[in-house]
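Visitor: Have a look at the structure that comes next, please.
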Amino acid sequence: MQFKDQLDFVSQHIKKNKLRVFMTILAATMGTAFLITLASVGFGIQDTLKSEILDNRLVTQVEVYSADLTKEKADKMKGMDHVKAVVLRQQVSAYQKTTLDKYTSTSELIVSNFGEEQKAGFTLEKGRLPQSEYEVVVGHDFAENLINEEEVEKFEAEQKDKDLSDTELDELELPHYEEELLEKKITYEMGSYETYESYKEPVKLTIVGVAKAPAKDFISDSKIYADASLISELEAIYDRHKPEASDETLFSMNLNIYADELQNVKEITTSLKEDGYSVYSISEELEQIDVFFLALKAGLIFVGTIAILISSIGIFNTMTMAVTERTREIGVMKALGAKPKLIQRLFLLESAWIGIIGTVIAVILSYAISILANYVLPLIVGAALGEEEFGELNVTFSIIPWQLVVIASAISISVAMISGWRPARKATQIDVIDALRQEL
Amino acid sequence: MIHVEHIQHSFKIGKKGKERPVSVLKDLSFKVRKGSIISIVGRSGSGKSTLLHIMAGFLKPESGRITINGTVTSDFTETQSAEFRLDQFGFIFQNFQLMPGLTTFENIELPLKLKGAPKAERTKQVKQLIQHVGLKEVQDHYPNELSGGQQQRVSIARALITNPPIIFADEPTGSLDSETEQEILALILSLNESLGITFVIITHDDEVASIADEIYQMHDGVLKAEGVHHAI
């Protein structure tokens, strides 16, 4: 019998028992949709957590710690396999003061190599990167830290009269520098932490670029980024003023290595650990999260599978009824020359058909539920917690990746076929003589 | 064509654990010539239907051998038996055994579908046969919309569609009135003459049996040749 004829045969029987088949498909749909929706919550929470961790941090970043980091050691690391960039940031560890017109700030100065920074993903919001030692890039929130003491005092005095609560006072934005920063000259001074006094050796720097804002709202970047060529001048100033007995250096080092691809991070961290460095990589944290969620998702799929198993009782029932009802027809077909395998295949096709249709509807339904959940749940949770902004946060409650669709479909269709197997087997064992004796 | 040798068969009856065997076929041997009609006549319970079931491969004999066209069929597995039936046999049943959900056309087409014949070929063959057996008017009717005679014609057409060399007929006129019975018997005779099909007819009706070239009387599992009649 040709496959198309087998399908025709199956669809003819399905049409004859529309209501019963519909109810069975409904049960299969509910079971599968339950599995997909349940597991999608695991995928959703995992995704939310991961993006929370990854926000503002690169997954390929490896932080390197050592008491005796040097520029030479950092340069040597550039030669390692799969290393895309080695960013050695040197931070001034002295009292710092920056002045622009009548505004001052205590922003920190970081010296780095912009070539490596760019490779690692450092991007500007506007302007360009420094091309000489006296050109700098400032952080996105640099202007907010440039304040005028008099203006602030006056502003605070005004607010006191308004009789505001402490919370309201905290939320107030202090007056700060509002004008364009690009091409402005700032005066940078270092001094002693003990006296908070400047060494009175100002360095004039020109702002040529503003860095892109950090990915998270609550992180502020008011740093000044200068090229490594400024180091010698700053060290000279420091050497002239530091206490004679002190052997402290001006700069503290912070070294980050960036791998070319995520899968190579492990190789780099292992190699660095072997060389005696302490390292930290976000990928290690992600690995632990992945293991935890793998177990969670497997658990959720297991619970969902139970629902499918319950729905399979319906399929078993429907198919057993179908075989019983069609005993005489099966007998006639066998008498005419239908092989037992063909009879079995026809019934397995019918149960597979129920499974496939149930699965297709369940997948469509699950996507609809997922989209609705991601839209509605944040609003409900936000309303319940009394936080209107919750709805605007990027929280994903449910994600249905294609792998989940494949797993759920495989489980659902397999369970449908397994539940149809016994009735199909029963059909092949029908005795022709007994079947032909049945009354019409 | 059909060679039945020393066929014996018994059924177990009674409660489980206390069954006792009842012999239904006792050492039967006979031959059926190619292109002939034979009738096996007997009362209910004489074993004639069991003999047909064994010859058709629905049932395996306890002992003995059946050879059809040189092939020993009594040792066949269920699948081999099904394949052989589809290829070599046609069946006419007392209560027609048509598929209630299929039209006249589809019922006749069914054996060709089981054979895996392409649709175009099936349609051509069925149309020709429908014309031949006079069912064109009712080709889209379902079995419950047909008279007994029409249903049996459909059943005969279904048996003929694969051009089998042998047709087994189990009480072919048992559910029909005498006028329709004559029509069906005439059709069987004409098919035998025009197409050379061998018919094995099981009946308790002497009139039906009389169209045969050879008549066998079945009595308590024993077969006796009765001779040749031609009533019609």
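Every number in this text was worked out from the coordinates using simple rules, so none of it is lab data. What you see is a predicted model, and the numbers here were worked out from it, not measured in a lab. Glycine also receives a Cβ, built like all others from the backbone with ideal geometry; neighbour counts cover every protein chain displayed.
Visitor: Kirkwood hydrodynamic radius (Cα pairs, Å) of segment B:1-140?
Guide: One over the average 1/r among Cα pairs gives 17.7 Å for segment B:1-140.
Visitor: OK, next. Restricting to DSSP H runs of at least four residues, report the calculated mean residue ellipticity at 222 nm for chain B, -39500 (n - 2.57) per run over all residues, nearest 500 deg cm²/dmol.
Guide: After summing the helix terms and dividing by residue count, I get -11000 deg cm²/dmol.
Visitor: Modelled label-to-label distance, residue A:310 and residue B:62, 7 Å Cα→beta-carbon offset: nm?
Guide: 5.4 nm
Visitor: Calculate how large, on average over all directions, the projected area of the Cα convex hull of segment A:61-260 is; give the answer in nm² to one decimal.
Guide: The Cα convex hull of segment A:61-260, projected and averaged over all directions, gives 13.4 nm².
Visitor: Also, quick follow-up: Near the amide H of residue B:35, under 5 Å away, which other amide H atoms are found, from residues 5 or more places off or on another chain, if H is placed in the peptide plane?
Guide: Under 5 Å from the amide H of residue B:35 lie the amide H atoms of B:198, each far enough along the sequence or on another chain.
Visitor: Between residue A:248 and residue A:171, what FRET efficiency follows from the Cβ-Cβ distance if R0 is 56 Å, with the result rounded to 0.05?
Guide: 0.90
Visitor: Residue by residue, what Karplus-based ³J(HN,Hα) values in Hz, rounded to whole numbers, does segment B:126-131 have, using 6.51, -1.76 and 1.60 with θ = phi - 60° and x for Gly and Pro?
Guide: Rounded to whole hertz, the list is 5, 4, 4, 5, 4, 4.
Visitor: Dividing the Cα convex hull volume of segment A:75-146 by residue count, how many Å³ per residue is that?
Guide: So the per-residue hull volume is 114 Å³.
Visitor: Name the residue farthest towards the positive end of the dipole of chain B from the options B:117, B:41, B:71, assuming +1 on Cβ of Lys and Arg, -1 on Cβ of Asp and Glu, about the Cα centre.
Guide: Final value for the positive-end residue is B:71.
Visitor: So which lysines pass the test for residue B:16, namely a Cα distance under 20 Å, with those fewer than 8 places away in the same chain ruled out?
Guide: none
Visitor: What is the log10 of I(q)/I(0) for segment A:320-422, computed with the Debye formula using one identical point scatterer on each Cα and no solvent, at q = 0.22 Å⁻¹?
Guide: Debye output, listed in q order: -1.06.
Visitor: In segment A:61-260, what % of DSSP beta bridges are antiparallel (nearest 5)?
Guide: 80 percent
Visitor: Rounded to the nearest 500, what is chain A's calculated 222 nm mean residue ellipticity when only DSSP H runs of at least 4 contribute -39500 (n - 2.57) each, over all residues?
Guide: -18500 deg cm²/dmol
Visitor: Ok, one more. Describe numerically, in nm with one decimal, the distance between label points set 7 Å from Cα along Cα→Cβ at residue B:179 and at residue B:15.
Guide: Rounded to a tenth, the inter-label distance reads 5.3 nm.
Visitor: Just to check, using Stokes-Einstein with a Kirkwood Rh over alpha carbon pairs, what's the diffusion coefficient of chain A at 20 °C and 1.002 mPa s in µm²/s?
Guide: The diffusion coefficient I find is 76 µm²/s.
Visitor: Could you please report the charge total around residue B:183, scoring K, R as +1 and D, E as -1 over all other residues with beta-carbon less than 14 angstrom from its beta-carbon?
Guide: Combined, the nearby Lys, Arg, Asp and Glu give -3.
Visitor: Let me ask another. Give the percent of DSSP beta bridges with both residues in the protein assembly as shown that are antiparallel, rounded to the nearest 5.
Guide: Of those bridges, close to 70 percent are antiparallel.
Visitor: Follow-up question, since we're still on this one. Tell me the net charge near residue A:139. Cut-off is 12 Å between Cβ atoms, residue A:139 excluded, with +1 for each Lys or Arg and -1 for each Asp or Glu.
Guide: -3
Visitor: Which residue, A:68, A:239, A:166, tops the fluctuation ranking in a GNM of chain A built on C-alpha contacts under 10 Å?
Guide: In this elastic network of chain A, the residue with the biggest mean-square fluctuation among A:68, A:239, A:166 is A:166.
Visitor: Would you pull out the residues with amide H under 5 Å of residue A:84's amide H, same chain only if 5 or more places away, H placed 1.01 Å from N?
Guide: Placed amide hydrogens put A:258, A:259, A:260 under 5 Å from residue A:84.
Visitor: Too long at a 25 Å Cα-Cα cut-off: which of A:341/B:119; B:18/B:224; A:334/B:15; A:4/B:115?
Guide: Exceeds cut-off: B:18/B:224; A:334/B:15.
Visitor: Where nothing but the Cβ of Lys and Arg (+1) and of Asp and Glu (-1) is charged, how large is the charge dipole of segment A:138-226 around its Cα centre, in debye to the nearest 20?
Guide: 720 debye
Visitor: Then there is this: What full-extension length gain, to one decimal in nm, is calculated for residue A:274 and residue A:368 as 0.36 nm per residue of separation minus the Cα-Cα distance?
Guide: 28.8 nm
Visitor: I've got another one for you. If one takes the longest principal axis of the Cα atoms in chain A, at what angle in degrees, from 0 to 90 and to the nearest 10, does the Cα axis of helix A:18-54 lie?
Guide: Rounded to the nearest ten degrees, it is 10.
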